[in-house]
Every structure is written in structure tokens, then in C-alpha cells.
1. Leaving out ligands and nucleic acids, note down the accessible area per residue over the chain with a 1.4 angstrom probe, in whole Å².
2. Could you give me the radius of gyration and the Dmax of the chain, taking only the C-alpha atoms into account and expressing both in angstrom?
3. Give me the net charge of Val203's neighbourhood, meaning all other residues with Cβ under 13 Å from the Cβ of Val203; Lys, Arg count +1, Asp, Glu -1.
4. Under the definition of Cα pairs under 8 Å and six or more residues apart, what whole-number percent is the relative contact order of the range 39-194?
5. Starting from the Cα coordinates of the range 56-200, work out the convex hull volume and express it per residue in Å³.
6. Please list the three semi-axes, largest first and in whole Å, of the ellipsoid equivalent to the range 3-91, using sqrt of 5 times the eigenvalues of its alpha carbon gyration tensor.
7. I need the trypsin sites (Lys or Arg not before Pro) found in the range 118-194, filtered to DSSP loop residues with at most 11 other beta carbons within 10 Å of theirs.
8. Take the alpha carbon atoms of the range 265-285, find their center, do the same for the range 1-72, and report the distance between the two centers in whole angstrom.
Amino acid sequence: MICISGKASRSFHPIIGVVAKSHRPLFARKNTIFVTDKLDKSSIGYKACISSGRKGYFFHPDHIYNCKDIEILHDGDIVRIDATGCVSVLWEVKSHQNAFMITEACNCKCIMCPQPPRQHSPQLFQEAQYTLSLLKNKYIKQICITGGEPTLLGNNFIEFLHRCINEHPTANIDILTNGKNFSDREFTRNVAQVATNNVCFCVSLHSDIDTLHDNIVGANGSFSKTSIGLYNLAEYGCKIEIRHVINKYNYHRLINFAEHIYNYFPFCIHYAFMGMELYGNAASNKEEVDISPLDYSDELSDAILYLKRRGLPISIYNIPLCLCKKEVREFARQSISSWKNLYAKECDNCDLKKDCAGFFSTSVSLPINHIKPIKGAL
Ligand code: SF4
């Protein structure tokens with residue numbers, strides 16, 4: 001999430017609103033946060049303001065002043081401001097990679113999780129619901145519902161999904177889940193009753209071996225529950241993507257994993273092999289989990305080609321093109337959210353930069369020593 005900061009005009013509860021960088025009529029200011037270089041007499045009637053200039057007067061709404069980098073905000077963005085002076089962008093109008101994080105709680109504790117679980121905060125869910133309200137009647141191409149584990153919210157998750165579908169019937173909706181709660185058939189049936197063809201369940205599966213998967217996700221019995229969840233989702237006609245995060249524990253079994261998903265889960269609409277973001281738990285456990293994509297490029301290539309030959313739809317996410325073997329580069333996608341996407345200086349000399357995932361700016365270390373600008377076509 002993009003965050004910029006300044007100083008709060010006074011102590012106030014967090015305020016969420018839609019960014020306007022030019023004045024709105026008085027009747028249209030209720031949910032609007034006005035962004036300006038300078039607060040003046042006309043900066044009234046808004047829900048709040050953000051200014052790069054000096055502190056306003058008593059008649060101005062609650063505001064953040066001396067705010068740096070306000071130029072990164074766009075008309076239509078949805079932001080939250082709080083009394084610490086922080087401006088967080090909850091929804092970027094120009095991005096197709098926006099997500100609703102509806103809980104930080106999780107029933108796994110993945111060794112490489114970039115977003116370590118926390119206790120559920122009802123406020124986070126309320127913020128997501130309110131943000132969704134502000135998006136009503138806007139054209140939204142892509143929605144991601146994530147956590148933590150979003151299905152832990154049970155009926156609230158189903159109602160939120162239902163709202164996303166009703167209010168944005170043409171949007172593609174991805175649900176990032178560990179799939180364990182779908183081992184409950186009744187829950188799966190209830191979710192499937194609201195899910196349309198635009199909804200995809202992106203289920204994490206990190207090994208073909210039960211004990212290895214359970215070890216990676218830090219919870220015994222997870223492999224079995226996720227596998228049952230995948231079958232239940234399939235039985236109720238849900239679209240499924242399997243996501244496999246490659247790390248030091250599982251890279252040597254990539255071909256076995258490919259065989260496993262081909263043999264046991266050939267019904268998914270997509271399979272993604274993903275590089276790690278070295279952030280959160282992955283950063284804390286760096287010695288244990290980190291491996292350069294260059295060091296598993298043979299294994300990755302074998303797995304991808306195995307699935308390609310069998311006609312399964314596959315992608316490689318978060319891995320720079322020059323760290324993939326040439327024969328599988330066609331499957332590598334530009335997958336990293338723009339706000340945390342980074343390229344090395346050398347990338348400017350690369351003919352494929354615009355198609356390359358590059359790196360996570362959030363990672364504590366990057367395999368940039370291994371990169372090699374590519375000349376010519378893919
Ligand atoms: S040189 Fe940079 S842009 Fe080119 S493939 Fe490597 S990481 Fe990507």
C-alpha cells in the first residue's frame with residue numbers, strides 16, 4: 001500500500017474518502033478529501049483535506065498539512081488519513097492490482113509470508129466495506145480479496161464477495177486463499193452459490209508432499225485440508241488457480257510438484273509458479289527460505305515444460321526474465337504491483353524491460369547481481 005505523510009491538524013479518528021485535486025461543488029464534497037498545495041477559504045465542506053502547504057485555519061476540515069509527495073495522488077483514489085499524519089492509498093484508480101484486505105488473521109503461519117498474520121481487526125473489515133461503498137457505480141476491472149485468510153470471516157466473507165459481484169458484475173474477482181476452509185463442504189457450497197464465472201479462487205499449495213507443505217505453512221494437516229478444499233471447489237464448479245511459492249525448501253521438487261498437480265488437480269484454470277517477496281516472515285527467515293531464481297532455473301524450466309507439454313495453462317510470477325531459462329520466458333508475467341515494482345540500473349539497457357516483472361522494492365535483498373540485460377525479442 002502506498003503511504004505518504006505529513007502532520008495532522010489535530011487528533012481525529014481515521015477518515016476515508018475519495019481524492020479530488022480540483023474543487024467539487026458544495027453538494028458533492030461529503031465523501032471527498034480535497035488535495036491541494038494550499039488551503040484557502042474555498043477549502044471547506046470537504047470530509048477532509050490534504051495539503052503540501054501550511055496548516056489551515058479552525059474553519060477548515062480535519063487535514064494533513066506539510067504533506068510530501070501529494071503528486072502521487074490521483075482524482076478518484078480512495079485514501080485513509082489519520083492523526084499520525086499518515087495518508088494511505090486504499091484504492092488506486094489507475095491500477096488494476098487493487099486489493100481488499102479484509103482480515104490479517106490466518107489459520108496458517110507460512111515461513112515465507114510477506115504479511116505475517118495478526119489478530120483480526122473488525123475495523124479493517126469495516127474499512128474494506130466502506131471503500132467498496134465509495135466504489136459503487138465506478139467501472140472496476142479487477143478486484144482482489146485477500147488477507148490473512150479472507151475465508152476466516154465466514155458469512156461476512158460470503159456477503160462481502162456477494163456485494164463485490166453485485167456492485168461490479170463485470171469485474172474479475174480473485175480470492176487469495178490457503179483453501180483450508182473449503183474442506184468444509186457446506187461452506188464451499190454457500191460460497192459457490194454466490195460466486196459467478198468472474199470469480200477465481202487462487203489457492204496456495206507449496207508442495208506435493210504433505211509434511212513439507214505443512215512445514216512451510218506452519219500448520220499440521222494443512223495439505224490434506226487444502227487438497228480436500230480444491231476438490232470441493234471443483235465439485236461446486238468454482239474456477240481455481242493453484243499458486244506455488246518457490247523457496248529453499250521446495251525448489252528441488254518442482255518437477256514432482258508439476259507431476260502432482262497434473263495427476264491430482266488437472267481441472268484448474270491456471271497454475272502459477274511464484275518468486276518470493278523477501279518481506280515479513282520471508283525477510284525474518286531469509287537464511288532458511290531465500291534462494292535466487294537463477295539457482296532454481298533448471299528445476300523451474302523442467303516443471304514448466306512438463307506442464308506445457310500436457311497443455312496446462314501456466315504462468316511464472318515475480319521472476320525477472322533474465323533469471324528464467326529462455327525456453328520458459330514466454331510464461332513469465334509482469335506480476336508485481338506497480339507501487340512496489342523496482343528495476344535495476346542495468347535494466348535500462350534491456351530490450352525486454354516492459355515485459356519483465358523486475359523486483360519487489362519491499363524485498364530485503366534482491367538477486368540483482370545475477371541480472372543480465374536481454375537484447376532482441378523474447
Ligand atoms: S535486465 Fe532487468 S528488465 Fe531485463 S530481464 Fe533482467 S531484470 Fe528484467
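1. Averaged over the residues of the chain, the accessible area is 47 Å².
2. Cα radius of gyration and Dmax of the chain are 22.2, 68 Å respectively.
3. That sum, taken over residues with Cβ under 13 Å, equals +1.
4. On the way: 224 pairs, mean separation 25.0, N = 156.
The value is 16 percent.
5. 141
6. Details: eigenvalues 50, 43, 29 Å².
After diagonalising the Cα gyration tensor, the semi-axes are 16, 15, 12 Å.
7. Sparse-neighbourhood loop trypsin sites (Lys or Arg not before Pro): Lys136, Lys141.
8. 38
The values are calculated or read from the model by the stated rules, or taken from the named source; none is laboratory data. Because the structure is a prediction, the values reported are computed rather than measured. Neighbour counts are summed over all protein chains in view; Cβ atoms, including those assigned to glycine, are modelled from backbone coordinates with ideal geometry. The protein model used for the area step is the full one, side chains on, heavy atoms only, and it has no ligands, DNA or RNA in it. Shrake-Rupley method; radii C 1.70, N 1.55, O 1.52, S 1.80 Å.
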